[in-house]
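The values are calculated or read from the model by the stated rules, or taken from the named source; none is laboratory data. Remember, predicted model here, so these are calculated numbers, not experimental data. All Cβ positions, glycine included, derive from the backbone under ideal geometry; neighbour counts span all protein chains shown. What goes into the accessible areas is simple: the full protein's heavy atoms, side chains included, and nothing from ligands, DNA or RNA. Shrake-Rupley method; radii C 1.70, N 1.55, O 1.52, S 1.80 Å.
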Amino acid sequence: MKKESIRLALLVLMAGLMLSSCIREEALNAEADITDVSVEGVTLIRKPVVTNSEVLLYVNGWQELDRLSPKFKTTDGATIEPASGTERDFTRPQSYTVTSQDGRWKKTYKVSFVSDDVATEYHFDNMKWYEYRDTWNPAAPVQKLFHILVDKTSDGHEFEWGSGNSGFLFAANGATADRYPTCQEEDGYKGKCAKLQTVSTAAFALLGTPIAAGNLFTGTFELNFSNPAKSTRFGVPFRKKPKELVGYYKYKAGPTFTDKHLNKIADRKDSLAVYAVLFETGDGVDYLDGTNSLTSDRIVLLAQLKEGRETDEWTRFSIPFKAVGGRSVDPEKLRQGKYSLAIIMSSSKDGAAFNGAVGSTLYVDELKLFSE
């Protein structure tokens, strides 16, 4: 059987399993999720971001937030408390509890209206667990699967880093958190640090995805089976003009570089990626992804570490933002929240194309973003 035929068969099988699972879960009415949110009285500058435990609604700083009544959509049959449409004061985050239709499951969401910029100092000293519950066995304990790294904004809001860990779930096979592509590690430059490592997903080699590079970025991850490189959604609203990204790293390349078909490339060595882009949003474009994070014509400013090397010692880097393609930042668009910032790091520079070396490991700590 040709590789393309095998690849198609596997995709069909996976899609069938997912569809079957979804149908059965809906029949059990055991889901307790917020799926969407809308709100009147303010203008959102981005689509709402809904994660496993949080809802972020981005607004400009001059909008009134003390009397808002967001309306929520939930999974079929689920209820939400306080009720959808209840007026509340969102000058501070508010909590909502979703209960599944069968009453067995509850999930608490923190709902925040974000008017300040993202964090600009990143220490990687804090993390929380991604938790999984077995809807087939309500008596089973909740499993803690992998780390989600978090930092704080200037106003104390929790800022959650994106990674591809949730995509690795399909190949994890019981792996502990420290064997996922992205995790928190002891012995940072100061305190703890972020550890990004390229790991094998050999079971999916026929799909052209034989590795998972450790990555960490500002944005979210939503698995895209048809084009995995589009699973990463890079960028969050940013209202300042960035000038420089500073931080510390250590890096060791894995021993054998392979392409997406697991062909060994004898004369190529893996390399790291650390870069940041400021890009313009609008016209239905809210983020960049693994296919265009360095090539999009929406990128206005770029800061890229081009001389990253293998080193066992914590090594400082300082990379300035430079204009791309003769473009410049429009002050009025900046004020209106029409730009987003993406900080992106990976243990394999070409990991989005599934080229790299298993074992490549990047440690990052004490990042700081300077802006005008």
Query raised in the report: Heavy-atom accessible area per residue, the chain, 1.4 Å probe: how many Å²?
Result: 50 Å²
Requested in this report: Under 1.5 on a/c is rounded, so check that first for region 67-118, then, if it is not, pick prolate when a/b is larger than b/c and oblate when it is not; a ≥ b ≥ c are the square roots of the alpha carbon gyration tensor eigenvalues.
Outcome: prolate
Query - Student exercise, the chain dipole from Lys, Arg, Asp, Glu Cβ charges, in Debye to nearest 20 - result: 800 debye
Query raised in the report: Could you name the lysines in cross-link range of Lys250, using Cα to Cα under 22 Å and dropping any fewer than eight places away on the same chain?
Result: Lys190, Lys192, Lys195, Lys269, Lys306, Lys349, Lys368
Query - Whole-angstrom Cα spans of region 217-372 along principal axes, big to small - result: 50, 39, 26
Query raised in the report: Between the DSSP loop rule and a limit of at most 13 other Cβ atoms within 10 Å, which trypsin sites (Lys or Arg not before Pro) in region 306-372 are left?
Result: Lys306, Arg309
**Report entry** Accessible surface of region 129-255 [probe 1.4 Å, protein heavy atoms]: carbon and sulfur percent
**Finding:** 47 percent
Query raised in the report: Given 0.36 nm per residue, what is the gain on full extension from Thr291 to Lys322 after removing their alpha carbon distance, in nm?
Result: 9.1 nm
**Report entry** Candidate lysines for bridging to Lys144, where Cα separation is under 16 Å - those fewer than 8 sequence places away on the same chain excluded
**Finding:** Lys107, Lys128
Query raised in the report: So what's the chain giving for Cα Rg divided by 2.2 N^0.38 Å, two decimals?
Result: 1.01
Report task. Pull out the extension gain between Ala202 and Asp283, defined as 0.36 nm times the separation in residues minus the alpha carbon to alpha carbon distance; nm, one decimal. Result -> 25.3 nm
Report task. Name the residue farthest towards the positive end of the dipole of the chain from the options Thr43, Ile211, Met345, assuming +1 on Cβ of Lys and Arg, -1 on Cβ of Asp and Glu, about the Cα centre. Result -> Ile211
Requested in this report: Return the long-range amide H neighbours of Ile211 (sequence gap of 5 or more, or a different chain), with a cut-off of under 5 Å between placed amide H atoms.
Outcome: Thr201
**Report entry** Within region 233-330, chymotrypsin sites (Phe, Trp or Tyr not before Pro) in DSSP loop having at most 14 other beta-carbon neighbours inside 10 Å
**Finding:** none
